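Here is the structure we will look at, set down as C-alpha cells.
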C-alpha cells in the first residue's frame with residue numbers, strides 16, 4: 001500500500017509539473033500587457049491609492065478569491081497578505097480564526113481584535129466579536145486588509161480591519177451563473193448567481209449550499225446561504241444600496257482538540273478521531289441569521305461626500321459544548337447554550353476636499369452607533385443522552401457602542417502628506433440576571449471609554465518609493481463571552497479590563513513599471529492589560545484575565561512580480577517576535593514567554609499563470625513556524641510546509657462561458673496541525689489538518 005501510494009504521488013506531481021511547464025511555454029508566446037500597478041482602496045473610509053496611505057494595507061482581487069478555488073473560506077485568498085495568520089478552516093463549529101499581528105489569536109471561537117465589514121456593513125458585533133459564516137465567497141469582488149491598530153477610524157480594532165466588497169452586477173451583460181463542485185470527505189457545494197443592470201437599478205443575487213462530512217469524525221457541516229445587493233442610482237451624484245443576507249446552518253459538528261498522546265483523552269496518534277467527550281455530548285452548533293443593510297452615498301460637486309449606513313440583524317444560535325453531567329447528584333453545569341440575538345446600528349460620515357493654507361486637504365468626520373441585545377439561556381448537557389438537563393444560566397446581555405471620529409489629510413508638499421486622526425469610543429455593557437442560582441442577583445453594568453489618536457507621515461518619492469511612518473493607539477474591551485464569570489455565576493467578571501496598545505511603524509511600498517509591486521513594514525506594538533484566556537470555570541465555560549504588558553516586534557514583507565505576460569509570482573514573509581513583558585498568573589511568571597497561538601515566522605510563495613486562451617493554473621506553498629499552545633510555552637504545534645495546486649480552463653463562446661476546474665490540497669500529504677486551541681485546560685490543544693485531498697467542479701455562465 002505504501003509503495004502504491006508513493007507511485008500515485010509521483011504521478012500526481014509529474015502531472016502538476018507538466019501543467020506548469022505548459023503554462024511557461026504558453027507565457028513565452030504571449031504579448032506583454034500591464035497587469036500590476038496602482039490600486040485604489042476604501043479601507044481608510046475614503047477612496048485612495050494603496051500607496052498613498054501611511055499604513056500597511058493589503059489587497060486581493062476577484063480572481064484570487066473565486067477563480068478555481070474551493071470557496072470554503074476567505075483564508076484561501078488572504079494567505080498572500082503578510083501579518084495575517086488563519087486557523088480552523090475545517091472546523092465550522094468554531095468558525096475561521098484570524099489574527100493580524102497576533103491580535104485575535106486568543107479567540108476560543110469566532111474572530112477577535114479585528115473589525116470585519118461587508119459592503120460597508122459590520123460583520124463584527126458591537127461587543128467586538130466577529131464571524132465569517134454568513135459571507136458568500138462566491139460573490140466577493142475584493143478584500144482590503146489594514147494591518148495594525150485602526151481604532152482612530154474604526155473603534156475597537158487592535159489588530160486591524162478587513163473590508164470585503166461583493167460584486168456589482170455588470171452594466172451591459174446581465175448574467176446567470178451556475179457552479180457546482182465536489183471533492184474529498186464528501187465535499188459538495190452548489191451555487192447559483194445572477195446580476196445585471198435594469199435602468200437605474202444594479203443588482204446581484206446569489207444562493208449556495210455547502211455539505212461536507214469532514215476529514216475527522218464528527219465534523220460534518222451543512223450550510224445554506226443567500227446574499228443579494230441592489231443599488232439604485234438616484235441621480236449622477238447619489239445612490240442607495242440595499243443588502244439582504246440570510247444564513248441557515250442547521251449543523252456544524254465540533255470534533256474537538258486532541259492531546260499530544262493518547263490517555264484518557266484521544267491523542268494525535270489517531271488524527272481523524274473526534275475527542276471522546278465531543279462525541280458523547282454531541283458537540284456542535286446550529287445557526288440562523290437574517291441581515292438587512294442600507295447604504296446611502298451622496299456627492300456635491302468635487303468637494304463634498306456624504307455616507308449614511310443602517311443595518312439590522314437577527315441571529316439564533318444553539319450549541320452543545322463537550323461538558324456537562326456525567327452522573328451522581330445532578331448539579332446544573334451548562335453545556336447547552338441557546339442564544340437569541342438582535343443587533344442594530346448605523347453611522348455616517350462627511351468628507352470635504354479643498355485647500356487649506358493653499359495646500360490640498362481632506363477632512364473626514366463621522367460617527368458610529370451600534371446596539372446588541374442577547375437573550376442567553378444555558379442548560380445542563382447530559383452525557384450520552386439527547387435529554388436537556390436543568391437550567392444553569394438565564395441572563396440578558398446588552399451592549400451599546402458609539403463613537404465619533406475625525407481624520408485630516410494635509411499635503412505639506414506635492415510629495416509629503418500628513419495624516420492625523422482621533423476617535424472617541426464608549427462601550428456600555430448591561431447584564432441582567434434572570435436566574436438566581438444561589439439566591440443572588442448577579443446583574444450589573446460596566447462602561448469603557450477611550451480616546452484613540454493616530455498620526456502618519458507619507459513621503460512619495462516616486463511611484464516606486466513611498467515611505468511612511470505612523471504612530472497610533474488601539475482600544476479593545478472584552479466581548480460579552482469574555483466577561484464570563486470565573487465563579488460560573490451569572491453577571492460578569494468585575495476584574496476584567498479593556499486592553500490598550502500603541503503601535504509604532506515605518507514602512508516603504510511602491511510599484512515599478514507595472515511589473516513589480518512590493519511593501520515592507522517594520523513595527524513595534526506595546527500593549528497594556530492584554531486579554532488572555534485564563535482557563536475554564538466550574539461550569540466549563542472559558543474565562544479571561546488581563547496580562548500586565550506585552551510587546552510585539554515584527555517585520556512584514558510582500559513582493560509581486562510579473563516576469564512574463566500573464567505570469568504572476570507572489571511572495572510574502574512575516575516575522576513576529578511577540579512576548580509577555582509582565583504577566584503573572586496563580587503565582588507563575590510568564591515573563592519573556594512567547595504569546596501563544598502565533599508562529600514566529602511565516603512565508604508564502606505563489607506562482608499563477610493566466611493565458612489569453614482561458615487556461616490558468618496556480619501553485620502556492622506556505623511555511624508556518626511552530627505555534628506555542630499556552631502561556632507557559634509548554635508544548636507547540638510543529639512547523640510545517642504545505643503546497644496546493646489548482647488549474648482550470650475558461651471557454652468563452654460569447655453568450656455562454658464554461659469553466660471546469662480542479663484543485664489539489666496538501667500535495668505532498670504532510671501531517672500538520674491546522675489549528676491550536678490556546679490555553680485549553682485539559683491539554684486538548686491540537687486540531688489536525690486534512691491529508692492530501694482533491695476537489696473539482698465547473699461553472700456555466702449565460703450572458
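Just so it is clear, none of the values below were taken in a lab; they were calculated from the coordinates. Bear in mind that the values here come from a model prediction, so they are computed numbers and not experimental data. Cβ sites come from the backbone with ideal geometry, for glycine too, and all protein chains shown count toward neighbours.
Worth a mention:
- Ranked by how many other beta carbons lie within 10 Å on average, peptides 449-455, 210-216 from highest: 210-216, 449-455
- Distance distribution P(r), the stretch 330-489, all Cα-Cα pairs, bin width 10 angstrom from 0: 9, 25, 22, 16, 13, 10, 5, 0 percent.
- Counted by neighbouring Cβ atoms within 10 Å, the residues 97, 45 run from fewest to most as 45, 97.
- Protection-proxy order for peptides 52-58, 286-292, each taking the mean of Cβ atoms within 10 Å per residue, highest first: 52-58, 286-292
- Exposure proxy order (Cβ contacts within 10 Å, fewest to most) of 228, 392, 184: 184, 228, 392
- Using C-alpha pairs below 8 Å separated by at least 6 residues, the relative contact order for the chain is 12 percent.
- Shape category assigned to the stretch 116-241 from the gyration tensor of Cα positions, a/c cut at 1.5: oblate
- Distance from the alpha carbon centroid of the stretch 126-201 to that of the stretch 687-703 works out to 18 angstrom.
- Each of residue 238 and residue 300 was given a label point 7 Å from its Cα along the Cα-to-Cβ line. The distance between the two points is 1.1 nm.
- On full extension, the segment bounded by residue 694 and residue 420 gains 93.8 nm, given 0.36 nm per residue less the C-alpha separation.
- Over the stretch 262-312, equivalent-ellipsoid semi-axes from the Cα gyration tensor in Å: 54, 16, 7
- If the chain linking residue 383 and residue 269 were pulled fully straight, counting 0.36 nm for each residue of separation and taking away their Cα-Cα distance, it would gain 38.5 nm.
- Cβ-Cβ FRET estimate between residue 447 and residue 342, R0 fixed at 22 Å, reported to 0.05: 0.55
- The length gained on full extension between residue 262 and residue 471, counted as 0.36 nm times the residue separation minus their Cα-Cα distance, comes to 70.4 nm.
- Simple spin-label estimate for residue 172 and residue 391 gives 6.3 nm between the two label positions (7 Å along the Cα-to-Cβ direction from each Cα).
- Cα centroids of the stretch 413-489 and the stretch 626-641: 28 Å apart.
- Structure-derived percent of Cα pairs over 33 Å apart - corresponding label in [x] 68; [y] 49; [z] 58: [y]
- Distance between the stretch 268-285 and the stretch 354-407 - C-alpha centres, whole angstrom: 31 Å
- Listed peptides 159-165, 201-207 appear in the order 159-165, 201-207 once ranked by packing, highest mean of other Cβ atoms within 10 Å at the front.
- Order of 254, 119, 635 - criterion: other Cβ atoms within 10 Å of each residue's Cβ, fewest first: 635, 119, 254
- The stretch 541-608, relative contact order in percent, only Cα pairs under 8 angstrom and at least six apart counted: 34 percent
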